1. Every residue in segment 142-158 that is open to solvent by 20 Å² or more (accessible area, probe 1.4 Å) and touching a residue at least 40 places away in the same chain (Cβ under 8 Å), please.
2. Residues of segment 43-84 being touching a Leu at 6+ places or on another chain (Cβ under 8 Å) and farther than 21 Å from Leu25 by Cβ, which ones?
3. For Tyr145, all conditions in the list (1) under 17 Å from the mean Cα position of the chain (by Cα); (2) in a helix (DSSP H, G or I) hold save one; what is the number of the exception?
4. Among the listed residues Ser97, Ser84, identify the single one that is modelled with pLDDT of 95 or more and outside any helix (DSSP H, G or I).
5. On the given criteria, is Gly113 under 15 Å from the mean Cα position of the chain (by Cα), at pLDDT 95 or above, in a helix (DSSP H, G or I) and not acidic (Asp, Glu)?
6. Pick out the one residue from Ile11, Ile105, Ile127 that is open to solvent by less than 10 Å² (accessible area, probe 1.4 Å) and of a type outside the set (Lys, Arg).
7. May I ask you to list pairs of residues, at least six apart or on different chains, whose Cβ atoms are under 8 Å apart, with the first in segment 96-123 being within 15 Å of Asp79 (Cβ to Cβ) and in contact (Cβ under 8 Å) with a residue 60 or more places away in the chain and the second being in a loop (DSSP other than H, G, I, E, B) and open to solvent by less than 30 Å² (accessible area, probe 1.4 Å)?
8. Just checking, how many residues over segment 39-57 are open to solvent by 10 Å² or more (accessible area, probe 1.4 Å) and either basic (Lys, Arg) or over 14 Å from Asp75 (Cβ atoms) (or both)?
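The values are calculated or read from the model by the stated rules, or taken from the named source; none is laboratory data. Everything numeric here is computed off the predicted structure, so don't read it as measured data. Note that we place each Cβ from the backbone using ideal geometry, even for glycine, and neighbour counts take in every protein chain shown. Ligands, DNA and RNA are excluded from the accessible area calculation, which covers all protein heavy atoms including side chains. Shrake-Rupley method; radii C 1.70, N 1.55, O 1.52, S 1.80 Å.
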Amino acid sequence: MEREELIKRIIDEKGEKAVDDLIKLLDDEDTQIKEIVSEALFKLGEYSRGKLVKEFKRRLSNGKKNDITLLYIIDLLSDLGEKSIVKDLYSTLSLYSFEEAELIIYEALAKLGEGEKVYDILKYFLIEDAEKKKFGVQAAIALSYIDKPEVVDDLVKAIDSGDYSGEDLDVLKKALSNVVMGNSIYYGILKKLVGEDVEKYLGDEYDI
């Protein structure tokens, strides 16, 4: 069964009654199941939001280190715009010992309006970090949620750096497109930076 059909079936047949079971399935070891469950919970946001917040707080209170399921919950709640978790999100950083997790949390904070506070660390991961080829793409995605003109310059520098290629470079261009589409003033900033080469810096979905 196609993923979209499965998600639709879960929602149509069980609706809000599926939320508790779906949250339990976030602990499944199969990444594909986690992603299907996450998408279903997002679409059931009206019903799942409160229970996800409760599960977020329970897991944070338990203090389990490197809890992957908690990261899925954080990502979901940030996509749902749940600002009540912002203060606690900073506390979750101490529970993780790997950069990928930290970047998921920084991205969640950026989505929830904390972009100014996490901007510098995300810029570091994108441009300055010795392992930017490993973490820069994730940082670029997080930066695309920050409404700050400097982000345009940062993404242009990253694209021009030669450090990124192939699919990674495509993601950077998509991130830049999202920034420009989010604020019309930024198109002018981009044009001042790159002149007539604007199209080369934007993803295919951007319609000039």
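1. Pro149, Asp153
2. Residues of segment 43-84 touching a Leu at 6+ places or on another chain (Cβ under 8 Å): 44-45, 48-49, 52-53, 56, 59-60, 63-67, 69-70, 72-74, 76-78, 80-83.
Correct list: Gly63, Lys65, Gly81, Lys83.
3. Single failed check for Tyr145: (2).
4. The match here is Ser97.
5. no
6. It is Ile105.
7. Filtered contacts from segment 96-123: no entries.
8. Residues flagged as open to solvent by 10 Å² or more (accessible area, probe 1.4 Å) and either basic (Lys, Arg) or over 14 Å from Asp75 (Cβ atoms) (or both) within segment 39-57 amount to 8.
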